Amino acid sequence: MSANDPGPGLLVVTGPPGSGKSTVCEALADRWEPSVLVEGDAFFRFLRRGMIPPWLPEAHAQNDTTVRAAAAAAGGFAAGGMAVVYDGVIGPWFLPAFARLTGLDVIDYVVLLPPVETCLKRVETRIGHGFTDLDAARHMHDDFVRATTPEPGAANPPGAVLTDLPDDVAGVADAIVAALASGGSRYPVAD
């Protein structure tokens, strides 16, 4: 980290499967020092026996427990003075609980939301990734669209929602850094 770019305390980069989270999070974590990349999917790999695929409705309790552990870990690294980039599916519907569990007063929250066709193509062409369910990916994309589109007269969704994304990783990372710099990604944690 530097005086010109202090980096985040905790930056959550989220979105539906295929939105580009993992690729851009790696690039973001390389921008600051010291930095930590917390991969939300890694916490699901800790589940040893009886794991329910996390995109299934019956996985709710398992997912809640796993994400709580990830939030505590991410918050612990940030409290230690490191720039933390969290890569995982944390929808706006779960953000208040996740943010509280970090133990921090404020976090940064960015939703990557490219067109559904882009996400589905990426999911379909993945190699070596455990998630390839196109129906579930479409459903999660729809959930993010609903959660980030305010009703007339309603408050804007939390953090920054980036929909018109550049085609290159560096460009997306720059857009996220711009959201950080403008304060548009700030999410104060409620008690």
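The values are calculated or read from the model by the stated rules, or taken from the named source; none is laboratory data. Keep in mind that this is a model prediction, so the values were computed, not measured. In this analysis, Cβ positions are derived from the backbone assuming ideal geometry, glycine residues included, and neighbour counts consider all displayed protein chains. The area values use the complete protein model at the heavy-atom level, side chains included, leaving out ligands, DNA and RNA. Shrake-Rupley method; radii C 1.70, N 1.55, O 1.52, S 1.80 Å.
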* Is there any pair with a first residue in the range 85-107 that is part of a helix (DSSP H, G or I) and open to solvent by less than 20 Å² (accessible area, probe 1.4 Å) and a second that is among the small types (Gly, Ala, Ser) and modelled with pLDDT under 95 whose Cβ atoms are under 8 Å apart and which are 6 or more apart or on different chains, and what are they? -> Leu95/Gly159; Ala99/Ala190
* Asked: Considering the range 41-55 alone, what residues qualify as being in contact with a helix residue (DSSP H, G or I) (Cβ under 8 Å, 6 or more places away or on another chain) and loosely packed, with under 13 Cβ neighbours inside 10 Å?
  -> Phe46
* Scan the range 116-137 for residues that are farther than 18 Å from Pro54 by Cβ, assigned to a loop (DSSP other than H, G, I, E, B) and open to solvent by less than 70 Å² (accessible area, probe 1.4 Å) and jot them down. => none
* Structure fact -> All-but-one check, Ala59 against (1) touching a residue at least 24 places away in the same chain (Cβ under 8 Å); (2) open to solvent by less than 30 Å² (accessible area, probe 1.4 Å); (3) over 19 Å from Gly159 (Cβ atoms), failing number (1)
* Asked: When you scan the range 66-79, how many residues do you find that are touching a strand residue (DSSP E or B) at 6+ places or on another chain (Cβ under 9 Å) and either within 16 Å of Arg45 (Cα to Cα) or part of a loop (DSSP other than H, G, I, E, B) (or both)?
  -> 3
* Output the residues belonging to the range 138-162 that are touching a Leu at 6+ places or on another chain (Cβ under 9 Å) and either open to solvent by 80 Å² or more (accessible area, probe 1.4 Å) or over 24 Å from Ala179 (Cβ atoms) (or both). => Arg138
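Within the range 50-65, restricting attention to residues that are part of a helix (DSSP H, G or I) and under 16 Å from the mean Cα position of the chain (by Cα), which residue is nearest to Met140 (Cα to Cα)?
Just the residues of the range 50-65 that are part of a helix (DSSP H, G or I), to begin with: 57-65.
The next check asks that each one be under 16 Å from the mean Cα position of the chain (by Cα); those that pass are 63-64.
Working: Asn63: 14, Asp64: 16 Å.
Here the answer is Asn63.
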* Structure fact -> For the range 164-191, the count of residues that are under 14 Å from the mean Cα position of the chain (by Cα) and assigned to a loop (DSSP other than H, G, I, E, B) equals 1
